[in-house]
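Reading through the structure tokens given below for one structure.
Each reported figure results from applying straightforward, stated rules to the coordinates on display, with no laboratory input. Since the structure is predicted, the reported quantities are computational estimates derived from the model, not experimental observations. Glycine gets a Cβ as well: all are built from the backbone with ideal geometry, and neighbour counts include every protein chain shown.
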Amino acid sequence: MVTIIQDLPDFSFSSTLPNLKFRTDFLTMVVKFYRHNEGEKEELFSEKFAVDKEGVIEITTIGELLEPYLEKKLNQEFSYRIVDAQEEVSKTFRVQYCRAEIDIPAAAFLKNFFLTTMQGDKSILLDTPEFIHFYEDTPSSVVAQVVYDVEGVIQKEEKILKTQTTAHVINTLEVSPYLLEKEGAKLIEYTIKADARSQRYIIDYQSVEARPRLLFTNSFGCQETFLCKGTLELESKITRSAGWVNSQLRNFDTQEERIYKANTGYMTPAVANWAEDLIRSKEIYLLNDRTPGKEIVIVDSKVNRSMRFDELPSFTFDYQLAQRNHNVLLFKEAGRIFDASFDITFN
């Protein structure tokens with residue numbers, strides 16, 4: 001007889017999946033895990049286990065077992081099957097990919113929040129591409145509550161961005177500011193609402209230029225944009241291999257390593273919490289206008305914060321191109337010694 005001591009929840013984040021613990025009257029039992037895909041079951045794991053002295057078996061690190069499959073499809077249905085010599089116990093459960101530990105149930109989080117660690121207002125530029133990602137149980141609509149400045153008069157409008165979302169999948173929707181611009185009006189801010197979820201975007205007209213502009217994969221496996229409004233420096237290291245050829249010293253090989261040193265600029269505490277998701281991301285691309293460009297890798301970072309109420313944190317990090325060849329000429333970024341704010345300051 002199989003007795004479940006600690007079961008898996010019906011819906012959970014991969015980062016918070018508990019151990020599966022059960023008891024049997026027999027010495028061994030077989031445990032199998034399956035992935036469900038369009039009505040078919042794919043076996044992921046099958047193992048025979050021996051009980052401990054109390055007749056108990058505990059399966060640990062289930063999230064790590066399922067995570068490689070969830071990276072390809074972020075929200076999936078799985079099941080387990082426990083078989084001893086007398087009976088069989090099985091259960092189907094759903095898992096959402098997540099690398100962060102969250103202290104509220106997955107179902108409650110997905111109902112009330114977008115798939116991001118950002119829990120505050122986001123400051124963006126007019127030409128920044130923006131996306132929201134969310135999981136729906138029931139179809140709903142997505143609206144934008146927009147604030148314009150029309151010749152000094154504030155006007156508010158509500159625009160429907162999507163009339164009906166898709167249930168039981170992750171919905172991705174572009175909410176870039178250029179989609180909400182209106183002739184004769186200056187876009188000030190807008191708030192995206194999808195049921196109980198809400199995200200406010202504030203247009204930054206003070207930061208003339210932001211470099212680098214990054215597209216990164218967050219802790220939920222979804223892509224977000226981040227603008228660094230601080231300094232950007234370049235340090236180039238060249239390793240030379242030299243030798244004598246026909247009595248002449250020659251460099252027969254050179255290897256260049258370019259390291260870019262970026263600063264986020266000053267951030268609010270909420271943005272700083274979210275920026276840590278960029279620092280820990282495993283997939284980051286440079287943004288060229290609205291198009292993903294070269295992939296980069298963060299090789300070092302400095303993240304310091306304190307409990308001072310008046311602190312505006314800023315992070316620094318070093319990155320380099322993911323490719324071997326660092327001798328890259330980027331025409332869209334070439335030709336400037338100073339950033340664009342120099343022209344405004346000294347005109």
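Please give the charge dipole size of the chain, origin at the Cα centre, charges +1 on K and R Cβ atoms and -1 on D and E Cβ atoms. Round to the nearest 20 debye.
Here the size comes out at about 620 debye.
For I259 and E209, FRET efficiency with R0 = 22 Å and r from the beta-carbon atoms, rounded to 0.05? Each step should come with its number before you reach the end.
On the way: r = 21 Å, r/R0 = 0.96.
The value I calculate is 0.55.
Among the lysines, which fall within straight-line cross-link reach of K182, defined as a Cα-Cα distance under 16 Å, with same-chain neighbours fewer than 8 residues apart omitted?
Once the sequence-local lysines are set aside, what remains near K182 is K156, K159.
Mind checking the full-extension length gain between D121 and H326? Use 0.36 nm per residue of separation minus the Cα-Cα distance, one decimal, nm. Could you put the intermediate results ahead of the total?
Working: separation 205, 0.36 × 205 = 73.80 nm, distance 3.60 nm.
Between D121 and H326, full extension yields 70.2 nm more.
How many nm separate the modelled label positions at V143 and D25, each set 7 Å beyond the Cα in the direction of the Cβ?
6.1 nm
What is the spin-label model distance, in nm, from T231 to T172 if the labels are put 7 Å beyond Cα along the C-beta direction?
3.6 nm
First measure r as the distance between the Cβ atoms of V150 and E58, then evaluate 1/(1 + (r/R0)^6) with R0 = 45 Å and state the FRET efficiency to the nearest 0.05.
Values: r = 64 Å, r/R0 = 1.42.
With a Förster radius of 45 Å, E is 0.10.
Build a GNM of the chain with springs between Cα atoms under 10 Å: which of A262, A242, A275 gets the top mean-square fluctuation?
A242
Taking Rg and Dmax of the Cα atoms in Å straight from the coordinates, which label in (1) 21.0, 69; (2) 25.9, 85; (3) 25.1, 77 is the correct one?
(2)
Relative to the present Cα-Cα distance, how much length would full extension add between N251 and K162 at 0.36 nm per residue of separation? Please report the intermediate quantities before stating the final value.
Values: separation 89, 0.36 × 89 = 32.04 nm, distance 6.01 nm.
Extending this stretch completely gives an extra 26.0 nm.
Using a 7 Å offset from the Cα along the Cα-to-Cβ direction at both H36 and S90, what is the distance between the two label points in nm, to one decimal?
Result for the modelled spin labels: 1.1 nm.
Pairs K186/K261; K21/K193; K186/K282; K41/K162; K91/K111; K237/K282: which are spaced more than 29 Å apart, C-alpha to C-alpha?
Among K186/K261; K21/K193; K186/K282; K41/K162; K91/K111; K237/K282, the Cα-Cα distance tops 29 Å for K186/K261; K21/K193; K186/K282; K41/K162.
Full extension from K294 to V83: what is 0.36 nm times the residue separation minus their Cα-Cα distance, to one decimal in nm? Walk me through the numbers on the way to the answer.
Numbers: separation 211, 0.36 × 211 = 75.96 nm, distance 4.95 nm.
Computed gain between K294 and V83 is 71.0 nm.
Please check which bits of the range 1-26 a label hung off E101 would reach, taking the label as a point 7 Å along Cα-to-C-beta and the cut-off as backbone N under 16 Å.
Backbone N within reach: 13-19.
Counting helices only, and only those DSSP H runs with n ≥ 4, report the 222 nm mean residue ellipticity of the chain as the sum of -39,500 (n - 2.57) divided by its residues, in deg cm²/dmol to the nearest 500.
On the way: 4 runs with 33 residues, N = 347.
The per-residue figure over the chain is -2500 deg cm²/dmol.
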